[in-house]
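Single-structure report; data block below.
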Amino acid sequence: MSFQTGVQAFVDGSRLARRSDLMAYTLIPALISLVIISAGTWIAFEQIESWGSALSERLPSWLGFLEVVLVPLLYLIGVVLGIWLFGLLAVVISSPFLGILSSAVERKVYGRAPEETGAWWASIGPTLMRELRKLGYHLPRLLLVFVLTLIPLVNVAAPFIWLLFGAWTMAVQFCDFPVENRQQPFKDTLLVLQQNRAAALGFGLCTALVLAIPLLNFVLIPVAVSGGTLLWHDLTQTDNTTADRRLKT
């Protein structure tokens, strides 16, 4: 599958998330995202303001001209990284509702979905354990990327490295919900995405970039779950379901 496949899945997911018949499934994740990302943005601004003041005070007078460059850059990096991290936290907290949304998308688009067994609250424990498993996958890689940004010469490519890491993380995060609904192991998600890296990065880049945009990031989670579910079907389909769902969305 191509890079365009991932981009198209994200676009189709944005159309689906706006449908009135799916609104009942998208409202709670969107509200959770609004609360957490708003709080995270406020915390990030407060912390960055403190760091900016400390940076200004510690710069030698002969380097004072750098303040007009370094302080705005600090704000930009801090806010984007803060929003991204709190956005990921919003996904973890709202994850029990996201699996339900993924199933609703499958029923709407493909006419079938895994059968739901038991009440939704019974899935909270297993779902949170699944999210911890994902965090166990993401965090060592996050640390590696952070270390790379500290290495001279290598850190010139730091923005590109962070963007690729964010894209891959978003693809892994949002393509896993239909897999989890089928009670398949997390490694199955990784295997499918590793075999289709271009499509995964196409979807992930769209998700990571929108997550960094204020206001739009509040509605990202339902869009990304819808798009990730469509992408997973695209990457695993064995018939003409991809073409069929293009007509339905």
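Taken together, the values in this text are just the output of simple stated rules run on the coordinates, not laboratory data. In this text the structure is predicted, and so the values were computed from the model without any measurement. Quick reminder, even Gly has a Cβ in these numbers, built from the backbone with ideal geometry, and neighbours come from all protein chains shown.
I want to confirm something. Restricting to region 203-216 and keeping residues that are surrounded by fewer than 24 Cβ atoms within 10 Å (Cβ to Cβ) and either in contact with a Leu (Cβ under 6 Å, 6 or more places away or on another chain) or not hydrophobic (A, V, I, L, M, F, W, C) (or both), which single residue is farthest from residue 16 (Cα to Cα)? Checked region 203-216; the qualifying residue farthest from residue 16 (Cα to Cα) is 214.
Could you say whether any residue in region 224-238 is of a type in the set (Asp, Glu), surrounded by fewer than 24 Cβ atoms within 10 Å (Cβ to Cβ), out of contact with any strand residue (DSSP E or B) (no Cβ under 8 Å at 6 or more places or on another chain) and not in a helix (DSSP H, G or I)? Scanning region 224-238 turns up no residue that is of a type in the set (Asp, Glu), surrounded by fewer than 24 Cβ atoms within 10 Å (Cβ to Cβ), out of contact with any strand residue (DSSP E or B) (no Cβ under 8 Å at 6 or more places or on another chain) and not in a helix (DSSP H, G or I).
For region 179-194, check the following and say yes or no: at least one residue is of a type in the set (Asp, Glu) and part of a helix (DSSP H, G or I). Yes, the conditions are met somewhere in region 179-194. For region 162-174, the criterion of being within 19 Å of the chain's Cα centre (by Cα) and surrounded by fewer than 19 Cβ atoms within 10 Å (Cβ to Cβ) is met by at least one residue.
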